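See below for the structure under consideration.
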Amino acid sequence: MSFSRGERVIFDNIDMDIERGKVTAIMGPSGTGKTTLLKLIGGQLKPDAGTVHVDGENVHKLSQSALYDLRRRTMGMLFQSGALLTDLSVFDNVAFPLREHTTLPEVAIHHLVLLKLEAVGLRGARDLMSTQLSGGMARRVALARAIALDPEMIMFDEPFTGQDPISMGVLVKLIHDMNYALGMTSVVVSHDVEETGSIADYIYLISDGKVVQSGTPVELKHAKSAWVQQFLGGVADGPVPFHYASEPLMADLMQAEKS
Amino acid sequence: MISDKLQAIGHNAINRFVRVGRASLFLWQTLLSLPYMIRRPGLLVRQLYYVGVQTLLIILVAGLFVGMVLALQSYIVLVDFGAEDSISLMVSLSILRELGPVFTGLLFAGRAGSALTAEIGLMKSTEQLSGMEMMAVDPMKYIIAPRFLAGVIAVPLLTSIFMAIAILGGYFVAIEMLGIYEGVFWSQMQVNVDFYSDLMNGMIKSLVFGFVIVWIAVFEGYDCMPTSEGLGQATTRTVVHGSLAVLGLDFILTALMFSV
């Protein structure tokens, strides 16, 4: 599959396979298009070439109603920002997909919402408005909302960012346990090497529009590639440049002096 | 140099045409989403409150003062010709044919139109619209359609309220301040104001204004750049384009309705 934004190539003929029932992590430096990949899988963006298949369906060949049906049946997504509806309370945000897509009585919705909020540790915050939550709390509520309809696959966009160590540990465990207890498929986009590596069954490392390396966490740990070792080890110097492409600093300074 | 300028002008023109095309497609999708309101009338009622009821105060205050000023100015001109008894005719025809729909349209664009753009734009920038799509809830049906329909319904209702309160303002000035006979005030209006050509034409204008303002407002919100600068520009465009559209359409509609 290939995808570009204007002149910039985001994905150049990449081929990925996300196995059902497993936790697959997508990792790579900032700006490599990890979130874009989730939007391509979810059908919110269309690839320039190639196909994306979810549950046997070519996502971008579906009509709008069929795509919405596929999303309802199989997909949940946790956005990086949480994407909570700001005019609704925490309770109503989690209840939103249940009210929209089921005919469950309000009592059942109430119980389900409380169970989902209990899972993310925020049952006590049910009456808060989403604008009153911290970033980390908002993401946990968004997670409760994403699992409200028990989807077959959940896509997590940076689930660990902004979480305190306790919440992060709980979330890591929650994603892992949910995946195996409910038989779900999880796609985790994250920078947090250690946490993601601890729950991922398979990891794709992407950079410059290509899959640089893929394998199990153990395989990647022992990979010989300097790129992989620099990224996983968080080392400043190596094949992955820390600086955005530019002239040498001295040349830049001298030019400013002249002008 | 000249070719560069021409190229820039051409590029700009193409961008504008593309945007008009996008806005037209957006309107088509919005209209297709309207039947969803039959299943979810609660969404419409809620938006009617936000765009209609919450605009009421500014409409009432503006209507009252416009009617009062109009009566005063009319008196100053008419009294020289001994025609001050026609003050109610002057006030009512001005309000029903022109000032009611136009003022309401301008005030609505400034108060509710800008709020609609800002709300939808903020929902876009905070990924709430994307989040809905991924929850298999169509934002066109859930967010855009109720706001659009509420605006189209609210503007004619607000216009009729503006008209009524402006005439009452004129009545107050004419009777209480200028000493015009009450019977003369109402009978002049009753005899000379036509229900269809004056009142209904004014209401048709308000319907057209409401449709265009809300279309601009929801499109600008949905199409804005999801940044604080983009949101500010979109809100400004809603007020400027909405107001200019009201004034331009008013001339066209007046020419069509009242041409001799």
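Figures for the structure shown
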{"item": "Unmet criterion (only one of (1) outside any loop (DSSP other than H, G, I, E, B); (2) among the hydrophobic types (A, V, I, L, M, F, W, C); (3) more than 22 Å from residue A:168 (Cβ to Cβ)) for residue A:220", "result": "(3)"}
{"item": "Residues satisfying the stated conditions in the stretch A:56-90, i.e. away from every other protein chain (no Cβ under 14 Å) and either in a loop (DSSP other than H, G, I, E, B) or within 12 Å of the chain's Cα centre (by Cα) (or both)", "result": "A:56"}
{"item": "In the stretch B:43-58, the residues that are without any contact (Cβ under 8 Å) to a residue 12 or more places away in the chain and touching a helix residue (DSSP H, G or I) at 6+ places or on another chain (Cβ under 9 Å)", "result": "B:45, B:49, B:53"}
{"item": "Verdict on residue B:175 being part of a helix (DSSP H, G or I) and free of Cβ contacts under 8 Å to residues at least 12 places away in the same chain", "result": "yes"}
{"item": "Hey, residue B:132 among the aliphatic types (A, V, I, L, M), within 14 Å of another protein chain (Cβ to nearest Cβ) and either part of a helix (DSSP H, G or I) or in contact (Cβ under 8 Å) with a residue 60 or more places away in the chain (or both) or not", "result": "yes"}
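Residue by residue, here is whether (1) within 25 Å of the chain's Cα centre (by Cα); (2) more than 24 Å from residue A:39 (Cα to Cα); (3) among the aromatic types (Phe, Trp, Tyr); (4) in a strand (DSSP E or B) holds:
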residue	(1), (2), (3), (4)
A:186	yes, no, no, yes
A:195	yes, no, no, no
A:205	yes, no, no, yes
A:211	yes, no, no, yes
A:237	no, yes, no, no
A:244	yes, yes, yes, no
A:247	no, yes, no, no
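For every residue, the table says whether it meets (1) surrounded by 13 or more Cβ atoms within 10 Å (Cβ to Cβ); (2) in contact (Cβ under 8 Å) with a residue 12 or more places away in the chain; (3) closer than 12 Å to residue B:87 by Cα.
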{"site": "B:154", "(1), (2), (3)": "yes, yes, no"}
{"site": "B:157", "(1), (2), (3)": "yes, yes, no"}
{"site": "B:170", "(1), (2), (3)": "yes, yes, yes"}
{"site": "B:179", "(1), (2), (3)": "no, no, yes"}
{"site": "B:186", "(1), (2), (3)": "yes, yes, yes"}
{"site": "B:194", "(1), (2), (3)": "no, no, no"}
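Bear in mind that the values in this text are calculations on the coordinates, not laboratory data. These numbers were taken from a predicted model, which means no experiment stands behind them. Please note: Cβ atoms are built from the backbone with ideal geometry, for glycine as well, and neighbour counts cover all protein chains shown.
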